[in-house]
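Read through the structure below, which is laid out as structure tokens, and then see the notes.
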Amino acid sequence: MSSNRTEGRSIATQLVLLFTLCAALLLCCGFGIFYWIVVRHAFEEDSVVFADKVDTLQGDFEKRGGATAPAFEIDASRGSPFYVRVLDPSGATVRATPGMENLPPSVFPLAASREIAEPVEHRIGGHLYSLTSRHALGPDQNLATVGNHFFTLQIAQDRSADEEFRKQFGALLILVLGAGVIASALIAITVTRRGLRPLAKMRRMFERVQPAHLNERIEPERWPTELRPLAASFDDMLGRLEDSFTRLSQFSADLAHELRTPIGNMLGEAQVALTRERSSEEYRSIIESTAAECERLSGIIDNLLFLARAESAEQQIDRSLFNGRNALDKIASFYQTAAEDRHVNIACSGEGQIFADPALFNRAVGNLIDNALRFTTDGGSIGISVRGTPETTEISVTDTGFGIGPEHLPHVFERFYRADPSRSSGGTGLGLALVKSIVDLHGGSTTIRSNVPGGTTVTLAFPTSSI
């Protein structure tokens with residue numbers, strides 16, 4: 001369900017969200033690193049100053065008379081961030097700067113040597129302090145005689161200003177980050193609208209597509225590189241639609257013409273018969289003529305229905321493997337009587353296995369033989385051959401008829417197409433179209449060769465079995 005909602009979301013919205021999220025992520029990473037570097041640098045500088053101050057205090061204590069040294073005249077009330085307390089070897093406070101009373105000796109780390117102890121942070125009364133301790137030599141003491149009796153210096157550094165700077169700097173960065181994210185979203189919206197403008201233009205062109213404008217093209221060269229494949233595909237689709245629409249229009253016109261002729265014949269004969277009384281023989285003749293026209297109409301309708309089913313994606317065929325020569329012999333024997341009446345010889349040759357629907361195969365080859373008989377002169381011949389190849393099995397039907405002009409060959413498999421009056425007697429123009437549809441159903445191909453005069457050869461190629 002969630003994936004469907006994602007697919008249904010507009011491209012512009014997705015682009016804006018992704019761009020804004022990426023920009024926000026980059027800004028967060030950049031500002032986070034910047035904040036860490038600045039704050040760390042500030043605290044490290046204060047730590048260095050703190051360490052220097054401790055060294056100075058220790059040196060002044062030991063060199064200038066201990067707790068009475070001028071260096072201890074540090075008054076926190078005058079704005080100094082440092083506070084000092086001196087403890088004698090017994091732990092009693094010798095001296096402390098003002099403000100040190102807020103920091104009892106117990107909160108300071110224990111001094112382990114004359115080196116500075118690792119500073120610790122301590123928060124009290126809303127202030128943040130850095131605390132450390134160090135041993136120092138008192139008056140008249142030296143390292144050889146002092147033992148463990150050191151004075152202790154406790155030093156505190158008020159870092160409240162650093163903490164305030166950190167908070168203010170963090171708030172500033174958050175504010176800048178928010179402004180950057182908003183600016184990124186606005187930029188993303190602007191860029192996305194501008195970038196998708198060609199799509200809107202292309203959509204308006206698509207909306208103009210109507211049957212009267214199928215000849216128009218949107219020309220891929222005028223579009224951005226990313227849209228050229230879409231434009232090319234759409235132009236190809238328009239070409240196919242234009243071709244299909246033209247063929248459909250032509251088919252409708254041809255169908256109307258084909259149906260109008262027999263219906264006109266039947267209507268004319270009926271009207272003439274009704275003008276006066278007729279004998280039973282005359283009525284019989286009219287009825288026989290009407291029946292013949294009805295049979296012709298029925299044949300046209302049957303062929304059209306078959307072609308419609310053949311072009312349907314749901315058409316199913318029942319393929320099987322059978323002997324092609326035996327099948328051709330049976331089909332030829334069916335037409336043998338009609339061929340003998342016109343002294344036309346039908347001969348079969350070759351060997352091969354056919355992988356096809358037997359009923360559809362018989363219909364396709366039968367149509368070719370019927371077509372060849374219709375256009376072969378008396379005393380001519382029809383040759384039917386089968387030849388197997390690794391990929392296909394080819395069926396060829398050759399007649400010695402009138403032949404077809406080269407200008408007509410590309411169109412002979414179209415519905416209702418007739419090359420010329422000499423080849424149109426007795427037919428509906430659907431025979432070769434039906435043959436091609438059957439072969440296409442099997443995934444094969446149909447070719448035709450013809451000479452004027454000299455006859456015509458139609459070759460059907462059926463794919464071989466995959467077993």
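The values are calculated or read from the model by the stated rules, or taken from the named source; none is laboratory data. Since the structure is predicted, the reported quantities are computational estimates derived from the model, not experimental observations. A quick note on method: Cβ atoms are made from the backbone with ideal geometry, for glycine too, and the neighbour counts reach across all protein chains shown.
Things to note:
Residue-wise test of (1) at pLDDT below 80; (2) surrounded by 11 or more Cβ atoms within 10 Å (Cβ to Cβ); (3) not in a loop (DSSP other than H, G, I, E, B); (4) not assigned by TED's automatic domain parsing to the domain that holds VAL365.
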{"site": "PRO229", "(1), (2), (3), (4)": "no, yes, yes, yes"}
{"site": "ALA232", "(1), (2), (3), (4)": "no, yes, yes, yes"}
{"site": "SER244", "(1), (2), (3), (4)": "yes, yes, yes, yes"}
{"site": "PHE251", "(1), (2), (3), (4)": "yes, yes, yes, yes"}
{"site": "GLY268", "(1), (2), (3), (4)": "no, no, yes, yes"}
{"site": "THR290", "(1), (2), (3), (4)": "no, yes, yes, yes"}
{"site": "ARG325", "(1), (2), (3), (4)": "no, yes, yes, no"}
{"site": "ASP329", "(1), (2), (3), (4)": "no, yes, yes, no"}
{"site": "SER333", "(1), (2), (3), (4)": "no, yes, yes, no"}
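- The set of residues in segment 321-357 that are under 16 Å from VAL439 (Cβ atoms) and in contact with a strand residue (DSSP E or B) (Cβ under 6 Å, 6 or more places away or on another chain) comprises GLY324, LEU328, GLY352, ILE354, PHE355, ALA356.
- Residues satisfying the stated conditions in segment 100-110, i.e. crowded, with 17+ Cβ neighbours inside 10 Å and in a loop (DSSP other than H, G, I, E, B): LEU103, PHE108
- All told, THR428 meets the bar of being of a type in the set (S, T, N, Q) and either modelled with pLDDT of 85 or more or under 24 Å from ASP341 (Cβ atoms) (or both).
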